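What follows is a short report on a single structure.
Readers should treat all values here as calculations from the given coordinates under stated rules, not as data from a laboratory. All figures in this text were calculated on a predicted structure; none of them were measured in a lab. In this analysis, Cβ positions are derived from the backbone assuming ideal geometry, glycine residues included, and neighbour counts consider all displayed protein chains.
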Amino acid sequence: MKPVLMALILVVLALSVGTTANAAEGISPVVTTKWLAENMKDPRLVITDIRKVEEYKEDHLPGSISLTYNAWRTMDKEISCQLPPKDDIEDNLRSAGISRDSIVVIVGKTDTDLDRAHPARVAWTMKYAGIANVAILDGGYSKWKAEGRPLVSGWATATPSSHCCAWNKDLLCSKECLREKAGRVTIVDTRIHSHFTGKVRDPGIRKKGHIPGSVNLPYTYAFRKDGTFRSRESLDRYAVRTVGKDRKKEIVVLCCTGRFSPTWWYMLSQVLGYEKVSLFDGSMEEWCADSSAPLVEDR
């Protein structure tokens, strides 16, 4: 192949969100409906449907296993979105037949902002549990159905695995850790701009404003109007403008309750190659519950 043609091909691949296999992990972090349709027979593939049980029963992708979003979060100490106990996470993975060698594709909906954010939260939890080969279906169930691709009804079960998790604690940041690292990490607040500045109080938390020194990268910027992810080029442009080009800097992402920020955790760490990205699970809900935790508002 001529060098010029090869260079053009590499540029095209670099500008997409990612639909081809990643040599290091076996799958791209975001896969298309076309890719999934062509790889449905791969014995390593586990399709995890995170919609509500009643939605799954009505119709779902052939072979997919139901593990609703609520199975991947819990309430702890009055914080509304926290990682479940480790035993529960392991039980979820085992019941879905997921093992260390599995290729997992997470399928959600794109009807609302929360629907669009949920797959990344599940993906982050799986990565935290040590599952290497995880992807999100771009456009999810909504795009699959709109394209007229096969759907089935009823209930499917998997052969349980005996997976034991290898926990990746570097992906999780606590309030204490964040306070200790203040000034030495880039804090990315992914709430909408008016909530970040404090001009409007975020209904999910008790106070207005943001953590001193944090920067704003709204979760909505990751998506097109149809609920699919923006191109890699667009995502990179937003990221570089907000956090800079240094892919080795330490970054902590947060939002109101920990439900929306995993979207940018996923984009930064899995798609754009930032190497040290963690998630403050309790996010602003936990931060604002501490009367001693500093906040600032933009005037």
Quick one: which residues, 5+ away or cross-chain, put their amide H under 5 Å from the amide H of Phe229? H built at 1.01 Å from N.
Gly139, Arg224
In the range 177-235, if every C-alpha pair distance is counted and binned at 5 Å from zero, what percent goes to each bin?
4, 17, 21, 19, 18, 14, 7, 1
Please compute the net charge surrounding Lys57, taking Lys and Arg as +1 and Asp and Glu as -1 over other residues with Cβ under 13 Å from its Cβ.
-3
Distance violations [Cα-Cα > 18 Å] among Lys181/Lys249; Lys52/Lys109; Lys57/Lys225; Lys175/Lys248; Lys109/Lys225; Lys52/Lys169
Lys57/Lys225; Lys175/Lys248; Lys52/Lys169
Mind checking the full-extension length gain between Ser231 and Lys57? Use 0.36 nm per residue of separation minus the Cα-Cα distance, one decimal, nm.
59.4 nm
Assign one of three labels to the range 39-145, namely rounded, prolate or oblate, based on the Cα gyration tensor with a ≥ b ≥ c the square roots of its eigenvalues; rounded applies when a/c is under 1.5, prolate when it is not and a/b is larger than b/c, and oblate otherwise.
oblate
Percent antiparallel among DSSP beta bridges confined to the range 169-288, rounded to 5, stands at 10
Stokes-Einstein D for the range 108-208, Kirkwood Rh over Cα pairs, 20 °C, 1.002 mPa s (µm²/s)
122
If amide H atoms are modeled at 1.01 Å from N in the peptide plane, then the residues at a separation of 5 or more from Lys276, or on another chain, having amide H under 5 Å from its own are Ile251
Please list, by residue number, every one of the trypsin sites (Lys or Arg not before Pro) in the range 158-213 that is coil in DSSP and has at most 13 other beta-carbon atoms within 10 Å.
Arg184, Lys199, Arg201, Arg206
Sort the range 169-288 into rounded, prolate or oblate with this rule: let a ≥ b ≥ c be the square roots of the eigenvalues of the Cα gyration tensor; rounded if a/c is under 1.5, and if a/c is not under 1.5, prolate when a/b is larger than b/c, oblate otherwise.
oblate
Please work out how much length the chain gains when fully extended from Asp101 to Asp290, using 0.36 nm per residue of separation minus the C-alpha to C-alpha distance, in nm with one decimal.
63.9 nm
Most packed first (mean Cβ within 10 Å per residue), the peptides 269-282, 141-154 order as 269-282, 141-154
If the only charges are +1 at each Lys and Arg Cβ and -1 at each Asp and Glu Cβ, what is the size of the charge dipole of the range 16-146 around the Cα centre, to the nearest 20 debye?
220
Two-decimal ratio, the chain, of alpha-carbon radius of gyration to 2.2 N^0.38 Å
1.00
